[in-house]
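One structure is given below, encoded as structure tokens.
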Amino acid sequence: MTQLSTLLITPGEPAGIGPDLITLLAAEGWSSTWVVVADPALLVERAKHLGLSLQIKIVSAKTLDAPCETHEVKVLPVTLRAPVTAGQLNSANAAYVLETLTLATDLCLQKQAKALVTGPVHKGIINQAGIAFTGHTEFLQERCVSEQVVMLLATEELRVALVTTHLPLREVADAITPQRIAQVTRILHHDLQTRFGYKNPRILVCGLNPHAGESGHLGREEIEVIEPTLEKLRAEGINLVGPLPADTLFTEKVLAEGDAVLAMYHDQGLPVLKHQGFGRAANITLGLPIIRTSVDHGTALDLAASGAVDTGSLKTALNYATHFAV
């Protein structure tokens, strides 16, 4: 990996597998390229559970670039609010999770760090603590004061972006407006060019309804909202195909004709991508003034401190963040 000591990682939910991933990767010698924003005692304790020796080097916001040894982990310390038992959620630590994320985001906004990689959080326990939280994507959009952001999940073979993210299904249709489709598509097109290197990216667009509305017999969103918006975007020079029926879009032949897929809602596009590449995909937030990637999985509380954890997704997220930051 390229040396990039100002790449920040937030492990996420302390009772989940985020701390496991950090210690396991450190044991593999990846740790000289990043700084973990976390409680160092948590990482040491989790390493002990896993039978690993963890060497930590404490840094400050002013010494993020300090050199370290191959198996050392640089840690920017944030103190836990309560003791952690692996696998057991505690709402008292919700504020800790958000403090790590806020600090890391702000350092990136201040150009003191080049990229942010986030571990999995537990939305439910944060909300249980009385803090309104719908996900990393929405948090970062607000913190970075971005008008619109785009959730994109990517493997080496497939990239799927979303028009809507964490919404109840009955709210999705109303949220799919011409403005939102246009904003998301423009951001996706721009970042496919600037980050992924596609000169003229071809984007495959899902319809909302079964069979893309069946000429209006199964819904009129395609006719009244999606297709007219795509026509305007095509006039801007964006290469768009669709709206296509999602059930046939995600076939090998059709996917081979595009560089990315734009799905209308979360569970339209992400189940396919995760079936194809779960454990080696990264969640990438487009449209931010900072670089942010993440793992493609949740907190996996049942696996915390077990040693039975796959680090593949975090490696993918780190590789993407490094590539974008160079």
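Would you confirm, using the coordinates I've provided, whether Glu222 is over 27 Å from Ala115 (Cα atoms), of a type in the set (D, E, K, R) and open to solvent by less than 20 Å² (accessible area, probe 1.4 Å)? So Glu222 passes the test. Just one of the listed residues (Thr105, Thr137) is of a type in the set (Ser, Thr, Tyr) and touching a helix residue (DSSP H, G or I) at 6+ places or on another chain (Cβ under 9 Å), namely Thr105.
There is no residue in segment 55-62 that is aliphatic (A, V, I, L, M) and touching a His at 6+ places or on another chain (Cβ under 8 Å). The residues of segment 34-60 that are touching a Ser or Thr at 6+ places or on another chain (Cβ under 7 Å) and either free of Cβ contacts under 8 Å to residues at least 24 places away in the same chain or closer than 11 Å to Pro11 by Cβ (or both), listed by number, are Val37, Ala38, Asp39, Leu43, Arg46.
Here is a yes/no grid of residues against (1) in a strand (DSSP E or B); (2) of a type in the set (Lys, Arg):
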residue: Ala66; (1), (2): no, no
residue: Thr70; (1), (2): no, no
residue: Val75; (1), (2): yes, no
residue: Arg81; (1), (2): no, yes
residue: Asn93; (1), (2): no, no
residue: Leu98; (1), (2): no, no
residue: Thr102; (1), (2): no, no
residue: Leu107; (1), (2): no, no
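If you filter segment 93-108 down to residues that are in contact with a Lys or Arg (Cβ under 8 Å, 6 or more places away or on another chain) and more than 23 Å from His297 (Cα to Cα), you find that the one that is least open to solvent (accessible area, probe 1.4 Å) is Cys108. For segment 156-205, the set of residues classified as surrounded by fewer than 17 Cβ atoms within 10 Å (Cβ to Cβ), part of a strand (DSSP E or B) and either of a type in the set (Gly, Ala, Ser) or in contact with a Ser or Thr (Cβ under 9 Å, 6 or more places away or on another chain) (or both) is empty. For Lys123, the criteria (1) over 17 Å from the mean Cα position of the chain (by Cα); (2) closer than 20 Å to Thr299 by Cβ; (3) among the charged types (D, E, K, R) hold in every case but one, which is (1). Across segment 67-82, the number of residues qualifying as among the aliphatic types (A, V, I, L, M) and modelled with pLDDT under 95 comes to 1. Checked against (1) at pLDDT 95 or above; (2) in contact with a Phe, Trp or Tyr (Cβ under 6 Å, 6 or more places away or on another chain), Arg195 meets all criteria but (1).
Just one of the listed residues (Glu142, Glu138) is in contact (Cβ under 8 Å) with a residue 24 or more places away in the chain, of a type in the set (Asp, Glu), open to solvent by 10 Å² or more (accessible area, probe 1.4 Å) and closer than 23 Å to Gly12 by Cα, and it is Glu138.
State whether the residues of segment 257-276 include one that is within 28 Å of Gly51 (Cβ to Cβ) and either of a type in the set (D, E, K, R) or in contact with a Leu (Cβ under 7 Å, 6 or more places away or on another chain) (or both). No, that holds for no residue. Number of residues in segment 29-53 that are out of contact with any helix residue (DSSP H, G or I) (no Cβ under 7 Å at 6 or more places or on another chain), within 18 Å of Val78 (Cα to Cα) and not in a strand (DSSP E or B): the value is 5.
Restricting attention to segment 206-220, the residues that are under 28 Å from the mean Cα position of the chain (by Cα) and either of a type in the set (Lys, Arg) or not in a loop (DSSP other than H, G, I, E, B) (or both) add up to 3. Looking at segment 118-132, is at least one residue at negative phi, in contact with a strand residue (DSSP E or B) (Cβ under 7 Å, 6 or more places away or on another chain) and part of a strand (DSSP E or B)? Within segment 118-132, one or more residues are at negative phi, in contact with a strand residue (DSSP E or B) (Cβ under 7 Å, 6 or more places away or on another chain) and part of a strand (DSSP E or B). Put simply, of Asp65, Asp20 the only residue that is charged (D, E, K, R) and surrounded by 19 or more Cβ atoms within 10 Å (Cβ to Cβ) is Asp20. Taken together, the residues in segment 30-52 that are under 16 Å from Thr322 (Cα atoms) and not aromatic (Phe, Trp, Tyr) amount to 5. Within the bounds of segment 156-163, is there any residue that is more than 21 Å from Pro210 (Cβ to Cβ), modelled with pLDDT of 95 or more and of a type outside the set (A, V, I, L, M)? Taking every residue of segment 156-163 in turn, at least one turns out to be more than 21 Å from Pro210 (Cβ to Cβ), modelled with pLDDT of 95 or more and of a type outside the set (A, V, I, L, M).
Of Ala47, Ala26, Ala41, all but one fail to be buried (at least 18 other Cβ atoms within 10 Å of the Cβ), small (Gly, Ala, Ser), closer than 26 Å to His297 by Cβ and over 23 Å from the mean Cα position of the chain (by Cα); the exception is Ala47.
The values are calculated or read from the model by the stated rules, or taken from the named source; none is laboratory data. This structure is a prediction, so every number in the text was calculated from the model and none was measured. We place every Cβ from the backbone using ideal geometry, glycine too, and count neighbours over all the protein chains shown. The accessibility values were calculated without ligands, DNA or RNA, using every heavy atom of the protein model including side chains. Shrake-Rupley method; radii C 1.70, N 1.55, O 1.52, S 1.80 Å.
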